[in-house]
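> One structure coming up, written as structure tokens, with questions to follow.
Derivation of every value follows stated rules applied to the coordinates shown; laboratory data play no part. Worth saying up front: this structure is predicted, and the values here are computed from it rather than measured. Glycine also receives a Cβ, built like all others from the backbone with ideal geometry; neighbour counts cover every protein chain displayed.
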Amino acid sequence: GKQGRGRGGARSAHAHFSLGRKSSGNNLRTDKWLVVDRKVYNVIAWSKRSPEGRQGPASQVSSLQDAFRAFHPDLEFVRKFLKPLLIGELAPEEPSLDHGKSSDITEDFRALKKAAEDMNLFQTNHLFFLLLLAHIVAMESIAWFIVFYFGNGWVPTLLTACVLATSQAQAGWLQHDYGHLSVYKKSKWNHLVHKFIIGHLKGASANWWNHRHFQHHAKPNIFHKDPDIKMLHVFVLGEWQPLEYGKKKLKYLPYNHQHEYFFLIGPPLLIPMYFQYQIIMTMVRRKDWVDLAWAISYYVRFFSTYVPFYGVLGTLLFLNFIRFLESHWFVWVTQMNHIVMEINLDHYRDWFSSQLAATCNVEQSFFNDWFSGHLNFQIEHHLFPTMPRHNLHKIAPLVKSLCAKHGIPYQEKPLLQALLDIIRSLKKSGQLWLDAYLHK
């Protein structure tokens, strides 16, 4: 393919690139190019700063048009930031898809998204989100009233903790909506409200969440790319990892019992220990003073509210008990859609196929919608992350039809089965590890 040079050795914005082949002298091992709408962008500076960008082979090229469109509701605004990185465009004879991705599935998915736009499914019902925020604030008020009126005995304290844990879980689902830019048309308003909810209502960091969560969305259930399956040798997941650990005789823990010790170190400890420590250290290490200020405002409010009833030490224990309860809720809901699905190395599938391989749904009901923050529609949420959650059920039938057309499994199950499948999946992976450890 042809490559042009501008003045000073820089590649010209009018250069043509053939990404499937290398031409000596123009391609460096450190090159990392991004292709969007057939335009080629040099993202090496970004990849050096990104933990994900430092992984994988050098001289990478990615065609991410569908991912780019999925994450950015205002494409024209984002292109202003991409413009300085533009170094050329694909040669006319070059296909816009790489790694053998299915062009038929890709085109059908783009038609599906266009249909969703025509159906106004990306339009927000602002009353819906206002009521969600109102019921969170109401629970915070009810929790204070219980202790104020009934005192700090065991029964009022346990009841208050349950109400506040429910409030925290619902605030977690709500910040997720604003973090995905799915409420307001203007990104800056989504970002501002996101910082308020995750910072002032939960004591966490918006930037920490964004950095972690969008890596998960871009490559769900892909080892070395999805931070949500980085289990620090505590669990082995899927089929590939347990076999690799078993063949290499790696035994950090007795993985054949992981479906049992999951109850001891998974749901109880993720938020009160791992996430809490990681969030604080990330804000301090990155000098993210804005997010830190928002988080401090949460702790000031919480301690000023409950220290009069429990004292400083009692309030600290009370806070961690609330997070202990919330952690169970969070882990079960988030893992029922992912951990039971394919977890493997990157096969470079098209956007639609990769999301379907890593996600499943839980049946719709008013309780399931509320309980999971509409993450029971995990498939649709991963395909259309900026779609307001109250519209996900409307696009689901069209997604099912597209899956049926291309023979792609669309998994939907009852809530209880989805929760039990977490344990079954851990047990299956643990047994695969044991068999490989003993016999391979």
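> Exposure proxy check: Cys162, Cys360, Cys403 ranked by fewest other beta carbons within 10 Å?
Cys162, Cys403, Cys360
> Next question. State whether region 100-440 is rounded, prolate or oblate according to the following rule on the C-alpha gyration tensor (a ≥ b ≥ c being the square roots of its eigenvalues): a/c under 1.5 gives rounded; otherwise a/b larger than b/c gives prolate, and the remaining case gives oblate.
It is oblate, given that a/c is not under 1.5 and a/b is not larger than b/c.
> Give me, ordered by chain and number, the residues 5 or more places off Ile339 or on other chains with an amide H under 5 Å from its own placed amide H.
Correct list: empty.
> Treat the count of other C-beta atoms within 10 Å as a stand-in for reagent exposure and order Arg323, Arg285, Arg349 from fewest to most.
Final ranking by Cβ density, sparse to dense: Arg285, Arg349, Arg323.
> Excluding same-chain residues fewer than 8 positions from Lys427, which lysines have a Cα within less than 27 Å of its Cα?
Lys219, Lys225, Lys230, Lys247, Lys248, Lys249, Lys251, Lys413, Lys440
> Tally the DSSP beta bridges in the chain and give the antiparallel ones as a percent, rounded to 5.
45
> Once the dipole of the chain is set up with Lys and Arg at +1 and Asp and Glu at -1 on Cβ about the Cα centre, which of Trp144, Tyr252, His406 lies farthest towards its positive end?
Going by the charge dipole, the pick is Tyr252.
> From the Cα gyration tensor of region 178-240, with a ≥ b ≥ c the square roots of its eigenvalues, which class applies: rounded if a/c is under 1.5, or else prolate if a/b is larger than b/c, or else oblate?
Prolate, since a/c reaches 1.5 and a/b exceeds b/c.
> Over the chain, with a Gaussian network built from C-alpha contacts below 10 Å, which listed residue (Gln411, Gln278, Gln335) shows the highest mean-square fluctuation?
Fluctuation is largest for Gln278.
> Suppose every K and R has +1 on its Cβ and every D and E has -1 on its Cβ; what is the size of the dipole of region 100-440 about the Cα centre, in Debye to the nearest 20?
Computed charge dipole of region 100-440: roughly 740 debye.
> Taking 8 Å as the Cα distance limit and 6 or more residues as the minimum spacing, I'd like the relative contact order of the chain as a percentage.
Relative contact order, the chain: 19 percent.
> Can you list the lysines whose alpha carbon is less than 18 Å from that of Lys195, not counting same-chain residues fewer than 8 positions off?
Lys185, Lys186, Lys287
> Now for a separate question. Percent of Cα-Cα pairs more than 18 Å apart in region 346-440, please.
The answer is 55 percent, as a whole percent.
> Which residue, chosen from Trp289, Val163, Leu181, occupies the Cα position most advanced towards the positive end of the dipole of the chain, where the dipole is computed from +1 (Lys, Arg) and -1 (Asp, Glu) charges on Cβ about the Cα centre?
Sorting the options by dipole projection puts first Trp289.
> What's the center-to-center distance, using Cα atoms, between region 111-144 and region 344-370 in Å?
Each part's Cα centre sits 21 Å from the other's.
> Could you go through region 112-122 in sequence order and give the Karplus-derived ³J(HN,Hα) for each residue, using 6.51 cos²θ - 1.76 cosθ + 1.60 with θ = phi - 60°, rounded to whole Hz, and x for Gly and Pro?
5, 5, 4, 5, 4, 5, 5, 7, 6, 7, 9
> How would Thr282, Thr160 line up from fewest to most surrounding beta-carbon atoms within 10 angstrom?
Exposure proxy ranking, most exposed first: Thr282, Thr160.
> Residue-wise, which Karplus ³J(HN,Hα) couplings in Hz belong to region 382-392, taking 6.51 cos²θ - 1.76 cosθ + 1.60, θ = phi - 60°, and x for glycine or proline?
With coefficients 6.51, -1.76 and 1.60, one gets 6, 6, 10, x, 9, 6, x, 4, 6, 9, 4 Hz.
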